[in-house]
């Protein structure tokens, strides 16, 4: 009993000592607490645009209409109606042509250029007439529309800035595909209606096709699989804030490793080991302190998501409905980060070795762990590799709590994986330390 | 106070053994000097006595307890002053000593009184709240010694306690060690300052290449080897070749 009291007393003394060291280092303190918040806010803001998949961004699109026909006019109307595109038909009061578009896009002055070829509308009308005639003859429609042989090579030319990202190109191509398909379908149906409403038919049998309504017969709406009043799954804050908060939290390894190496270099560690009683009391006190600092840091970053980001025009972070589970998760993530710091501080002999390795390893672990880009879009091999990153499991648990209505018991298996990482880090650190003192 | 029998130690990846059959016996209540050139094995011997390094072979008995089996008991009886300033530079000397004292199980006014008692002895009581980083070299050395004294050790082990300090600080440290020994405490002391060792030590053991070369009463050894002083004796025994 007396031994236990002594042990607790040593732990408390170590926590107080670490607090003193922490408070005396004002610069370190502010770096540890403020820099991750700044990082979280900036990354959430920067990553917000691509996360919205360009939905709210307005692009200038160079537009050359060599067709001047029905389809080109319809496409121009469709593009103009969306808030995403602004069609530019002249630059410096000069009408654009194919060569000018290529030049401006190639120089990066504009990101997109679209050239509608001459004869496109005629070709599409001919194609629609062919389809309408085919269908009409099969259903006994009286009329027949003029048609000729198809002439290939009437493709719409789309030019992209060579520096444009693939996802950006895809979203533009999808929009263009959607508009052309819609226009072609409208044209085909109107031609079909024309064959059926020809002069020989009874006017009472007239087919009045309300195309807009018919095309809306089947709609697509994103629905949340979880019962939450907050539409959190699709907003960038919900993904970015926890991800960068975890990333920032893991940087606690820098002061931990730095202090461990400092204690070894200045002899404080030797003194601590010369004191009777288990060194684990002192180690536990240090770990406890850093875990609590990590938890504080993590909650500060989440609070920045709740209260600070709305001031920058972003939605507030929704922190789920399991506060106890979230607290436990924060403690376990912080404990895992702390144990990694102990490993780095033990394995490396000098701060010059430990600090760059520690920082870069966190960046690597975060990259493969889905902090930078979602793991789902990575190749299969990298998706499997993500499982060796504790940051991946940390983010997965937070996503469970914030986005999937995860419960306390539901996250326990994943928390035990994080604790497994900690155990491995401590075992390796223990082996290295033992070998060093031989 | 100390019995070292056939002590062997070879560090991993080391080409040469650090200790090869070292035997030393120091009696209780004396100031004993453990001397030797660089690489002789002094620090390894002290590290084994304190339990920081495990021996490959041999036995070390400190104040009647074996290092292999009773290390925690030994740690309570000994105070070690490492060569480096093993204190947190950001903290004040009072905060440093308070932490060390608490780890030894001291609390409250007992701890505070002891801290100020030793701060006064070592002339640091007016700088109790000053950070260690703002101390002079001599002040740091004195603070380093106090950290090993708070639990009133029976045996005080000092590794180069006066390295790099001014004359005034060295005199203060020397006077304290004599006083502490006069109170019945044993002291083991290593130093390269042989004039200082001659003044302080009742007995000296000179080791070289991990073995005991000579051991005995300081004055008896000097006269029996027809040396002028301890430094002369040291050079006669260990040679004049520079050690790295």
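The values are calculated or read from the model by the stated rules, or taken from the named source; none is laboratory data. As the structure is a prediction and not an experimental result, all values here were calculated from the model. FYI the Cβ positions are ideal-geometry reconstructions off the backbone, even for glycines, and counts take in every protein chain you see.
Here is a yes/no grid of residues against (1) surrounded by fewer than 21 Cβ atoms within 10 Å (Cβ to Cβ); (2) away from every other protein chain (no Cβ under 14 Å); (3) touching a helix residue (DSSP H, G or I) at 6+ places or on another chain (Cβ under 7 Å):
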| residue | (1), (2), (3) |
| --- | --- |
| A:245 | no, yes, yes |
| A:250 | no, yes, yes |
| A:270 | yes, no, no |
| A:277 | yes, no, yes |
| A:280 | yes, no, no |
| A:296 | yes, yes, no |
| A:299 | yes, yes, yes |
| A:315 | yes, yes, yes |
| A:318 | yes, yes, yes |
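If a residue must be closer than 12 Å to residue A:111 by Cβ and surrounded by 13 or more Cβ atoms within 10 Å (Cβ to Cβ), how many such residues does the stretch A:143-164 contain? Residues meeting the conditions: 5. When we screen A:365, A:287, A:326 for residues that are away from chain B (no Cβ under 14 Å), under 25 Å from residue A:400 (Cα atoms) and either touching a strand residue (DSSP E or B) at 6+ places or on another chain (Cβ under 7 Å) or buried (at least 22 other Cβ atoms within 10 Å of the Cβ) (or both), the only hit is A:326. For residue A:72, the conditions (1) crowded, with 18+ Cβ neighbours inside 10 Å; (2) over 30 Å from residue A:196 (Cα atoms) are fulfilled apart from (2).
The set of residues from the stretch A:1-50 being farther than 25 Å from residue B:133 by Cβ, facing another protein chain (nearest Cβ under 10 Å) and exposed (fewer than 15 other Cβ atoms within 10 Å of the Cβ) comprises A:2, A:5, A:12. Selection of the stretch B:74-86 for residues being part of a loop (DSSP other than H, G, I, E, B) and facing chain A (nearest Cβ under 7 Å) yields B:82, B:84, B:85, B:86. Scanning the stretch B:91-131 for residues that are within 10 Å of chain A (Cβ to nearest Cβ) and in a helix (DSSP H, G or I) yields B:95, B:96, B:98, B:99, B:100, B:101, B:102, B:103. The sole residue among A:421, A:425 that is within 27 Å of the chain's Cα centre (by Cα) and more than 14 Å from every other protein chain (Cβ to nearest Cβ) is A:421. How many residues does the stretch B:48-73 contain that are closer than 22 Å to residue B:29 by Cα and either more than 9 Å from chain A (Cβ to nearest Cβ) or in contact with a helix residue (DSSP H, G or I) (Cβ under 8 Å, 6 or more places away or on another chain) (or both)? Adding up the residues that qualify gives 14. If you go through the stretch A:375-391 and keep only what is part of a helix (DSSP H, G or I) and in contact with a helix residue (DSSP H, G or I) (Cβ under 7 Å, 6 or more places away or on another chain), you end up with A:375, A:382, A:383, A:385, A:386, A:390, A:391.
Of A:346, A:437, A:350, all but one fail to be at pLDDT below 95, within 14 Å of another protein chain (Cβ to nearest Cβ) and closer than 30 Å to residue A:269 by Cβ; the exception is A:437.
Here's the yes/no breakdown for (1) within 15 Å of the chain's Cα centre (by Cα); (2) closer than 20 Å to residue B:32 by Cα; (3) at pLDDT 95 or above:
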site	(1), (2), (3)
B:118	no, no, yes
B:127	no, no, no
B:159	yes, yes, no
B:163	yes, yes, no
B:175	no, yes, no
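Against the conditions (1) under 19 Å from the mean Cα position of the chain (by Cα); (2) outside any loop (DSSP other than H, G, I, E, B), where does residue A:372 fall short? Just the number, please. The one condition residue A:372 does not meet is (2). Listed by position, the helices (runs of 4 or more DSSP H) contained in the stretch B:137-244 that have at least 2 residues being farther than 20 Å from residue B:85 by Cβ and free of Cβ contacts under 8 Å to residues at least 40 places away in the same chain are B:167-182, B:194-200, B:218-224, B:230-238.
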